[in-house]
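**Student:** The structure follows.
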Amino acid sequence: MAEQNVITSMLDDFAREQPIHTAICIGQDLSQVQFQPAIQWYHFSVSDFLNLPFQQRYDVAVVRLDTTETEFLSEQMMSQILVKLRDLFAKRLVVVSRLHNEKLLRALGFTQLIDKTAHEADFALWQFNILTYKHVPDWFNSKFWANPENWDKFRW
């Protein structure tokens with residue numbers, strides 16, 4: 001399964017950037033997959049996850065929207081799952097979905113990792129990382145705000 005290999009290599013890359021100790025997965029149980037270093041996985045079905053109270057924040061979340069369990073979810077239910085994971089449960093979120101879910105994922109702020117025209121399969125890989133979600137504009141720094149060196153020189 002190509003998606004599984006992509007997820008494994010991507011999680012290895014994420015672990016090189018920042019250590020991954022805990023992870024949550026929805027749609028497919030990834031606890032049997034061997035990762036280096038070892039990751040503590042928590043798997044939930046869709047209904048269990050939607051009823052799950054917030055208790056801890058995980059380093060990464062993986063959602064498979066292309067499995068038989070998640071394939072026929074309504075757009076509203078998918079949105080609820082992704083927003084709950086993005087806002088509460090995970091620092092980083094990886095979503096494997098069908099190509100027709102592109103509009104929903106873009107609307108929720110996800111960035112596409114694999115170009116859909118680069119392969120023949122009906123899947124796309126998306127991520128949400130709060131650290132790279134919005135690029136800080138060049139003008140948004142202290143250089144353009146108050147200029148203490150000019151306080152005694154100019155009259156405002």
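The values are calculated or read from the model by the stated rules, or taken from the named source; none is laboratory data. The structure displayed is predicted, hence computed values, not measured ones. So basically every Cβ, Gly included, is an ideal-geometry build from the backbone, and we count neighbours across all protein chains shown.
**Student:** Can you work out which of the residues in the range 113-133 that are exposed (fewer than 11 other Cβ atoms within 10 Å of the Cβ), under 24 Å from Glu17 (Cβ atoms) and more than 14 Å from the chain's Cα centre (by Cα) is modelled with the lowest pLDDT?
**Tutor:** Within the range 113-133, the match that is modelled with the lowest pLDDT is Ala118.
**Student:** I would also like to ask the following. For residues that are at pLDDT 90 or above and basic (Lys, Arg), tally how many sit in the range 93-110.
**Tutor:** Count: 2.
**Student:** Looking only at the range 88-111, filter to residues that are of a type in the set (D, E, K, R) and under 10 Å from the mean Cα position of the chain (by Cα); which one of those is farthest from Phe123 (Cα to Cα)?
**Tutor:** Lys91
**Student:** May I ask you to say which residue of Val46, Val6 is closer than 22 Å to Leu99 by Cα and modelled with pLDDT under 80?
**Tutor:** Val6
**Student:** Evaluate the following for Gln40: is it at pLDDT 90 or above and among the polar types (S, T, N, Q)? So that I can check it myself, show each step before the final result.
**Tutor:** On the way: at pLDDT 90 or above: no; among the polar types (S, T, N, Q): yes.
Answer is no for this residue.
**Student:** Provide a single number: the residues in the range 13-28 that are under 19 Å from Ala124 (Cα atoms), surrounded by 12 or more Cβ atoms within 10 Å (Cβ to Cβ) and modelled with pLDDT under 85.
**Tutor:** Taking the range 13-28 first, the residues under 19 Å from Ala124 (Cα atoms) are 13-14, 25-28.
Those still in the list that are surrounded by 12 or more Cβ atoms within 10 Å (Cβ to Cβ) too: 14, 25-28.
From the residues that got through so far, the ones that are modelled with pLDDT under 85 too are 14, 27-28.
Number of matching residues: 3.
**Student:** Also: So which pairs qualify, if the first residue must be in the range 74-102 and closer than 23 Å to Val6 by Cα, the second must be assigned to a helix (DSSP H, G or I), the Cβ gap must be under 6 Å, and the two must be at least 6 apart or on different chains?
**Tutor:** Leu93/Leu85; Leu93/Arg86; Val96/Glu3; Leu99/Lys116
**Student:** What's the number of the only condition in (1) closer than 19 Å to Leu30 by Cβ; (2) at pLDDT 90 or above that Asp66 fails to meet?
**Tutor:** (2)
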